[in-house]
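> Dumping the structure here so I can ask a few things about it.
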Amino acid sequence: MTLISPDAVFCPRCGQPLGPAGIAGGEHAVCRRALDLEPPRYCVYCRRRMIVQITPSDWTARCIEHGETTESTWAPA
Amino acid sequence: MTEQVATQPTTATTSPTDAAADILAVAREQVLERGERLTYDQILAVLQTSDEQLEELLAIAHEVRMRYMGPDVEVEGIISLKTGGCPEDCHFCAQSGQFTSPVRSVWLNIPELVRAAKLTRDTGASEFCIVAAVRGPDAKLMEQMRAAVAAIKGSVDINVAASLGMLDAEQAQDLADMGIHRYNHNLEAGRTYFPNVVTTHTWDERWETCQLVKATGMELCCGGLVGMGETIEQRAELADQLGELEPHEVPLNFLNPRPGTPFGDLPVMPANDALRCIAAFRLALPRTILRYAGGRELTLGDLGTRDGLMGGINAVIVGNYLTTLGRDPQEDLALLDELKMPIKALSDTF
Ligand code: SF4
Ligand SMILES: [Zn+2]
Ligand SMILES: [Zn+2]
C-alpha cells in the first residue's frame, strides 16, 4: 500500500473502506487513476469529507480531526 | 413546388463522402480565405468528417487561427473564491448542492487569492479569473469581489476576470467599474439540449446575462461543454449559437464525469471527436480566442493536447481547475515553447 500512510483505512476519492491491498485493490483502481487529476476528498483515517482548497499551483485538504494534507505531503500512488 | 423539385438534383447526387470532402474545400475558401464563419449546416458537416480527414481538418483550423489570431497563446489561471453548495443543478457540476458530490463548500480568503494571482502571473499568464459557485452574486459576494480585485490590482500586474453566475444590469456595470476585464458566463450547451443539462434556470437567462456583459464593455468569455450526451446536431448548435453571440473568448470544456453528479457515469469523449470539435469551433469562430478549459487532460492526454494547439486552440488554462487538477504549468509552457507559440503579453490584451 502506497498511500500517504500505511494506517489509511478509507479511499481518499470514494470514501469506501480500503481492503488489505489498499488503494491498489481492484475496487479502487479507478480511484487511484483518477487521483492523478483530483485532490483527495475523504480523510483516509476517518472518512470525513475534507475541506479542500485548490489554487492554480497547489492544493490543501483539511480534516477537522486529522489535520491538513497538502500537495507536497501527499503521495497517492 | 416545381421550383423545389428543380433544386433537388444538386443535393441528391452528392454522396456523404463527397459532402465531407467538400466541406474541407468550403472551409478553406469561406473561412480561411474570406474570414466568414461556418453556418450551422457546415459546422455539422465538419463534425461528421471521418478520422481519415482529421489531419487535414486540423491543419485548416490551424491556418485559420494563425491568419486571424496569430501565433500567440493566451494563458490564464482560474481560482475558486467560493466552492460548492451552489443551488443550481447543472448536471456536469461537482459544485451543485443538489447532488451527493464529495465537494464541500468553502470560501478562499483574500490573501490566498492574491498569492494565487502572483503565482499565476509568474507563469507568464495575462488573465486571472475568480470564480464563485453561485446562481448569481449577492451583496456580500459583490463586496468581496470589490476587496479582492483591489487587493490583486494593488500588488499583481494581471488582468482580473470573473465568473459569478447570472447578473442583472446593475451588477454587470458594478463589475465593469471595479475593473473586471472579462466576464465568463457559459451557454454550457446548445439551446435544445440545455434542458437536459440544467433545470433550475434557462438557456435564455444565460443568453441575457451574456448580452448584459457585452453592453458594459467588459469582454465576454462564453463557452460550454461537449461530451454530455448531446447529439452531433446539438454540438453544432452550440458552436453556431456561440458564433452568433460573438464572445471575445470561448472556453471549450470536455466533460470530465464527476462522481455523484447525474453525468457521473457518462463515458469520456473519444479523442478524435474532441479534436473534430476543436476544429469545428475554430471554423465557427475564426476571430475568437478559443481556450482549452476543463477535461482536456482526460479526453486528449499529452498527444491530443498538442494536436488541439495545432488545430485551432490559441489559449490555455494553466495549472489546476476549480475542483480538479490540471497538468504541471511548466509542461504546458514547455510545449508552447516547442511549438513556437509565444505566450500573449499582458500589454497585448487591451
Ligand atoms: S455550473 Fe455553476 S451554476 Fe451550475 S451548479 Fe456548477 S457552480 Fe452552480
Ligand atoms: Zn475508491
Ligand atoms: Zn480525519
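The values are calculated or read from the model by the stated rules, or taken from the named source; none is laboratory data. Computed from a prediction, not measured in an experiment: that's the story for all the values here. Glycine also receives a Cβ, built like all others from the backbone with ideal geometry; neighbour counts cover every protein chain displayed. Just the protein is used for accessible areas: all its heavy atoms, side chains included, with ligands, DNA and RNA removed. Shrake-Rupley method; radii C 1.70, N 1.55, O 1.52, S 1.80 Å.
> In region A:18-28, is there at least one residue being open to solvent by 40 Å² or more (accessible area, probe 1.4 Å) and within 10 Å of chain B (Cβ to nearest Cβ)?
So far as region A:18-28 goes, no, none of its residues is open to solvent by 40 Å² or more (accessible area, probe 1.4 Å) and within 10 Å of chain B (Cβ to nearest Cβ).
> Another question, if that's okay. Considering every residue within region A:54-67, establish whether at least one is under 10 Å from the mean Cα position of the chain (by Cα), touching a residue at least 12 places away in the same chain (Cβ under 8 Å) and within 10 Å of ligand 2 (Cβ to nearest atom).
no
> Continuing with this model, one more query. Scan region B:187-197 and give yes if some residue there is without any contact (Cβ under 8 Å) to a residue 40 or more places away in the chain, in contact with a helix residue (DSSP H, G or I) (Cβ under 9 Å, 6 or more places away or on another chain) and open to solvent by less than 10 Å² (accessible area, probe 1.4 Å), otherwise no.
Checked region B:187-197: at least one residue is without any contact (Cβ under 8 Å) to a residue 40 or more places away in the chain, in contact with a helix residue (DSSP H, G or I) (Cβ under 9 Å, 6 or more places away or on another chain) and open to solvent by less than 10 Å² (accessible area, probe 1.4 Å).
> So, in region A:29-50, of the ones that are within 8 Å of chain B (Cβ to nearest Cβ) and among the aliphatic types (A, V, I, L, M), which residue ends up nearest to ligand 3 (Cβ to nearest atom)?
Here the residue is A:M50.
> Sticking with this one: When only residues in region B:127-150 that are charged (D, E, K, R) and touching a residue at least 60 places away in the same chain (Cβ under 8 Å) count, which is nearest to B:T202 (Cα to Cα)?
B:R135
> Within region B:94-105, restricting attention to residues that are away from ligand 2 (no atom under 16 Å from the Cβ) and open to solvent by 20 Å² or more (accessible area, probe 1.4 Å), which residue is farthest from the other protein chains (Cβ to nearest Cβ)?
The selected residue is B:Q98.
> Can you name every residue in region A:11-34 that is more than 9 Å from ligand 2 (Cβ to nearest atom) and either touching a residue at least 24 places away in the same chain (Cβ under 8 Å) or assigned to a helix (DSSP H, G or I) (or both)?
Hits for region A:11-34 are A:G22, A:A24, A:G26, A:R33.
> Out of curiosity, is A:T73 in contact (Cβ under 8 Å) with a residue 40 or more places away in the chain, out of contact with any Lys or Arg (no Cβ under 6 Å at 6 or more places or on another chain) and more than 16 Å from ligand 1 (Cβ to nearest atom)?
Judged against the criteria, A:T73 is a match.
> Go through region B:132-184 and report how many residues are aliphatic (A, V, I, L, M), over 24 Å from the mean Cα position of the chain (by Cα) and open to solvent by 50 Å² or more (accessible area, probe 1.4 Å).
Residues that pass the stated criteria total 2.
> Same structure again: Tally the residues that are in contact with a strand residue (DSSP E or B) (Cβ under 6 Å, 6 or more places away or on another chain) and within 16 Å of ligand 1 (Cβ to nearest atom), restricting the search to region B:211-225.
5
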